[in-house]
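Just so it is clear, none of the values below were taken in a lab; they were calculated from the coordinates. Computed from a prediction, not measured in an experiment: that's the story for all the values here. With ideal geometry, Cβ positions are generated from the backbone for all residues, glycine too; neighbour counts draw on all protein chains shown.
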Amino acid sequence: MDIIWYGQACLKLKGKNAALLIDPFDSEFTGLKLPKDLEADIVFKTHDHKDHNNIGAVAGNPAVFSGPGEYEVKGVVISGIPSFHDDVKGAERGLNTIVNATIDGLNIVHLGDLGQAVLTEDQIAAINADILLIPVGSVYTIDAKGASNIISQLEPKIVIPMHYGLEGLKFPLEPVDKFLKEMGAENIVPISKLSITRDKLPEELQVVLLSKT
């Protein structure tokens, strides 16, 4: 499976039989650009904000899902788990859906715009994370310290930070450096995509930094 990052929380999970795209953004709203030839078999939006819900940016006729529930397309199994966009049970920024997708035998968890500093026991029980895609930019989501706490709760093998400050982004998010320092991974080199199979998962936690495609 290949994991590709387009900026903000938009990532493509490309398996042998299908590709899942999560949270395509509005380029004018964010200041970032998506590829013109963006394609996927499945699109999932974690919540209805403009930097996460631009379904029209995806070519073709993908299956589109959002919100809590169980979904399956072309062998890709997805569980949507309810969560909050803030740490006051949604009172400030509403609801968010955690995406737990199983593709090619790997369990990938995309936390969307998670704002909870701590996951509940029910959320933890519903999540199976080999690879965790986690927001780290603060302001609208958890920050570096909060992300570290969530990682400790879920114990993934690979962690990929997302939703942090980038050149051209119109939002004042924190840079990824704070998260990398928190995780003791300051010296890692960004890669264009992560190609991974279940038998290649590391035994101990590994932070992977993706460059924006």
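For D122 and S152, calculate 0.36 nm times their separation in residues minus their Cα-Cα distance, and state this gained length in nm to one decimal.
So the extension gain works out to 9.2 nm.
So, counting K/R as plus one and D/E as minus one, what does the shell of residues with Cβ under 11 Å around I81 add up to?
After counting each charged neighbour, the total is -2.
In what order do M183, M162 fall by count of nearby beta-carbon atoms within 10 Å, going from fewest to most?
So the ranking, lowest neighbour count to highest, is M183, M162.
Per residue, how big is the convex hull of region 92-213 when only Cα atoms are used? Give it in Å³.
Convex hull volume per residue, Cα atoms: 115 Å³.
After finding the eigenvalues of the alpha carbon gyration tensor for region 93-143, what semi-axes result from the square roots of 5 times each, listed largest first in whole Å?
Rounded to whole Å, the semi-axes are 20, 12, 9.
Report the GluC sites (Glu not before Pro) located in region 1-96 that are in a DSSP loop and have at most 13 other Cβ atoms inside 10 Å of their Cβ, or state none.
For GluC sites (Glu not before Pro) across region 1-96 that sit outside H, G, I, E and B with at most 13 neighbouring Cβ atoms in 10 Å, the list reads E92.
Over region 161-213, how many percent of alpha carbon pairs lie in each 5 Å bin up to the one with the longest distance?
4, 16, 24, 24, 18, 8, 4, 2
Calculate the translational D of the chain in whole µm² s⁻¹ from Stokes-Einstein, where the hydrodynamic radius comes from the Kirkwood formula applied to all Cα pairs, the temperature is 4 °C and the viscosity 1.567 mPa s.
After rounding, the answer is 77 µm²/s.
Zone of V139 (label point 7 Å along Cα→Cβ, backbone N under 20 Å): which residues in region 152-176?
It comes to 161-176, nothing else.
So which of K16/K200; K178/K200; K45/K193 end up more than 18 Å apart, counting from Cα to Cα?
Exceeds cut-off: K178/K200; K45/K193.
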